[in-house]
Each structure stands twice: as C-alpha cells, then as structure tokens.
Amino acid sequence: MSKITIIGSGFAGLTAVKTLRKQDKTAEITLISPRAELVYMPSLIWVPSGAASKKDIVIPLDNFFKRMNVVHIVSEVTGLENQGRSVVTPIGTYENDALIIASGGRFIKKLPGIEFAITPCEGIKAAEDIRDRVKSMDGGDIAIGFSGNPKEPSAMRGGPMFEFLFGLDTQLRAEGRRDKFNLTFFTPAAKPGARLGEKAVDGILSEMKKRNITTHLGHKIKQFTAEKVVTEGGEFAADFILFMPGMTGNTWFDNTDLTRSEGGLLKANQFCEVEGFDNVFVAGDSGSFPGPEWMPKQAHMADLQAAAAAKNALDNLDDKASSHTFKIELMCIVDSNNKGMYVSRNLKGGLMLPNCRLMHIAKKVFGWWYLRQYR
C-alpha cells in the first residue's frame, strides 16, 4: 500500500486529497497542517462590511478527513530528510513514498514600518481587524496597496487589494460617510493589474477615477509610518494602511535541500515535480512553475496544479512516468461588495466583462458551491 503525505490544508492540499482518493481508494494518505480547517480566502473581502463572518470563511475539515480516510497530523513542518521521504515536525517524523507540498507562500515582511500595515490575506483575524478599525474611524486617510517579489514576478496577489479598495468605497458610501475619508491606492507598478490584461488595467483605473480614489503609481515603496506612506516618488498621508507584500517560500524550506527559484519558491517543472527530486511534488503558492509572467497565484490555479501533482504521484508509484500537466488560466471576479468585474485570461487571450450586479451574486454562489464538498 502506497504512503502519500501532503503538507498543507489549503486549496491545493485538499484538491490533492480529493484527486488521490478518487483514483486510489486504498492509498494511505497523511496530511500535515497546523489546523483541521480551510480558510476560504476569496470571501475575506466581505468581512469589513459585515457581509461575511468567520463561520462563512473558516471551514472545519474533520468530517472531510474522515470521509476521505485521511490521517491528519496537527503540526507545523520543520524540514525534510532522506530526499523528501521523511517529513520532520516538532512532534515526530513521518515517512512517505510520495510527497506533495502545498503549504502556501509567505509574505515578505522586510519593508521598514511594515508593522503599521495590515496584510488582509493573512486570514480571518486580519479581515476582522480591518472591520473594527474602519468602524472606529470618524474619517481620515486610508491607503491600500500591494507590491511583488522582484525575483519572482508571479509571486504576488494584487486582485484582493482592488476588492478591499472598491469594497471599502462601497461600504463607506452605504454608511453615508465616504466624504469624510480619502482613499489612496498605491503600488510600485505603473500599470496596476497588468497581469489581468490591458483591458482590465483600463477598467480598474477608470473605476478608481469614478469613485474618486487617488492613485500613487510607479514608485518604489520606501517605508510606512503611523501617519504616512513614503515612496521614492514622494509621500502621502495614511492613518490606516492595508498592504499586500510579494510572496516567497516557507521558512522551513531553508531546512531542506529542495531546489529553489531565485525568488525563494520551490522550482518545479510542468508536471509539478520539484526539480532534481523523485516523487516530490509541489502545488499552489509554494511553487515556481514554468509559464507566462501573468500566471496567477490564486486558488483556481492551485487546484489545477494539485490535481496534476496527485495524478503524477500515483503514476510514479505505479512505475509510470509523469504525464499530467496543468492548464494555465487566470479567472477572477473583482468584487466591490455589490457588483463585480469578471476577468479571465489564458494562453489564447482574455475576456473582461464590465462591472455588474450579477457577477457579485455569481461570486457568492460559487463560494457556497465550492465549499459544499468540505462542509
């Protein structure tokens, strides 16, 4: 009986479980993660306005693990041994015949004054902090921005910041206090959202203009303080900062010999195999994959990579060569609390649909439908 270990219980880890179980009813699957829960990140954007709360976003996985016959080890991972065949944790070492690493990425927190900013995608607490802070403010300057990892163009997550920005604008208008706030959007890129495609950049910038949101674009960020954002192109007032830094690999990768990309992620091929290692796979934010610069770090992409990794792992254990690749595709709805803008892109081209109420509803329905499998 094959022993397969998965590290991480995010989108990629859980899709790997489902794919393995669908194809092999008997494999011994062990999943290692700090908590038996999935945080459904796409819904965090609705927490500040009160449209979503913890129960909508944090999904307990005990039943899912039972149903899938998965042994869940509640722990962090600290390293690997024996070319990936042993996973080291503070509570023991776990052996495997194949390993799938799906432990997500880590935000780069090197910027001076980063402690003055909240990084929304760090989880439910961050989103609740935004909600409480905005509620407590009588007015003032709010700055919302993101940056990337210069050595890893794909390791950034800008989309949600547009959603927090537009969502906050919608919320403050609904509360009748938008006139008391200045909203500024900032990023070192001259064209924010360029990965979504040319049309999306125009759509996003004109949406900002329409909502009277100030922009500060194309300047490297130098530091944050309690009352301002400082860039190489000047500074502007900020009583409250929401900021999404670029991403790099988990700290435990440093305790392994795994092949790394220049930006610190695990270097993978088109079959999601970690280069130079047998039966060690990576999916989602932990990996650096071959593909265009706009290839997204988002749940949809993580799911596609995890399915390929799981199928290849089973093939390898069956003495077959890896043959499953993943489709490169970006798909998102940039939501603004009451409307949404649909954007998709693949190697053939892209599509953008204008802001409409239907897309906001579609995003909500999709979340409910997606999470049904885990509830």
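The values are calculated or read from the model by the stated rules, or taken from the named source; none is laboratory data. Just so we're clear, the structure is a prediction, and the values are computed from it rather than from any experiment. Every residue, glycine as well, gets a Cβ built from its backbone with ideal geometry; the counts of neighbours run over all protein chains shown. Ligands, DNA and RNA are excluded from the accessible area calculation, which covers all protein heavy atoms including side chains. Shrake-Rupley method; radii C 1.70, N 1.55, O 1.52, S 1.80 Å.
Structure summary
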read-out: Exposure of R260 as accessible area (Å², to 10), given a probe of 1.4 Å and all protein chains; value: 80 Å²
read-out: On Cα atoms only, tilt of 124-136 relative to the major axis of the chain in degrees; value: 10 degrees
read-out: Diffusion coefficient, µm² s⁻¹, Stokes-Einstein with Kirkwood Rh over alpha-carbon pairs of the range 281-375 at 37 °C and 0.692 mPa s; value: 216 µm²/s
read-out: Heavy-atom SASA rank of L351, L217 (probe 1.4 Å, accessible area, largest first); value: L351, L217
read-out: All-pairs alpha carbon distance profile, the range 86-235, 5 Å steps from 0, percent; value: 2, 7, 15, 19, 18, 15, 8, 5, 4, 4, 2, 0, 0
read-out: Carbon/sulfur fraction of accessible area - the range 46-153, other protein chains in place, 1.4 Å, %; value: 51 percent
read-out: Value at 222 nm in deg cm²/dmol, rounded to 500, when DSSP H runs of n ≥ 4 in the chain each add -39,500 (n - 2.57); value: -8500 deg cm²/dmol
read-out: Placed amide H near K222: partners under 5 Å, 5+ positions off or other chain; value: V230, T231, E232
read-out: Rounded, prolate or oblate (a/c below 1.5 giving rounded, otherwise prolate when a/b exceeds b/c) for the range 27-113 by Cα gyration tensor; value: oblate
read-out: Gaussian network model of the chain, Cα within-10 Å springs - most flexible of K209, K18, K327; value: K209
read-out: Fraction of alpha-carbon pairs over 17 Å apart in the range 291-337 - percent; value: 46 percent
read-out: Residue with peak Gaussian network fluctuation, the chain [Cα springs, cutoff 10 Å], from L172, L265, L242; value: L172
read-out: Choice from K151, K363, K210 showing the highest fluctuation, given a GNM over the chain with Cα pairs closer than 10 Å; value: K210
read-out: Surface accessible to a 1.4 Å probe, K125 within the full protein complex, Å²; value: 130 Å²
read-out: Ratio of Rg to Rh over the chain (Cα coordinates, Kirkwood Rh, two decimals); value: 0.97
read-out: For I100, residues with placed amide H under 5 Å, excluding near neighbours; value: T5, I6, I7, F281
read-out: Residues whose placed amide H lies under 5 Å from that of V47, excluding near-sequence neighbours; value: A52
read-out: Förster-model FRET efficiency, 25 Å R0, N212 and S136, C-beta, rounded to 0.05; value: 0.65
read-out: Estimated vicinal HN-Hα couplings, Hz - the range 62-75 in sequence order (Karplus 6.51, -1.76, 1.60; Gly, Pro = x); value: 3, 5, 4, 4, 5, 4, 8, 6, 10, 8, 9, 9, 7, 6
read-out: Beta bridges per DSSP with both ends in the range 141-284, % antiparallel, nearest 5; value: 45 percent
read-out: Accessible-area value, T248, 1.4 Å probe, nucleic acids and ligands omitted, Å²; value: 20 Å²
read-out: Beta bridge orientation in the chain: antiparallel %, DSSP, nearest 5; value: 50 percent
read-out: Accessible area per residue in Å² at 1.4 Å probe, computed on the chain; value: 44 Å²
read-out: Percentage of interatomic Cα-Cα distances in the range 13-160 larger than 22 Å; value: 56 percent
read-out: Table column - 3J(HN,Hα) (Hz), the range 364-369, Karplus curve with 6.51, -1.76, 1.60, x for Gly and Pro; value: 5, 5, 4, x, 4, 5
read-out: Dipole magnitude (debye, nearest 20) for the chain, charges at Cβ of Lys, Arg, Asp, Glu; value: 1280 debye
read-out: Table column - 3J(HN,Hα) (Hz), the range 199-215, Karplus curve with 6.51, -1.76, 1.60, x for Gly and Pro; value: 4, 5, 4, 4, x, 5, 5, 6, 5, 4, 4, 4, 8, 6, 9, 6, 10
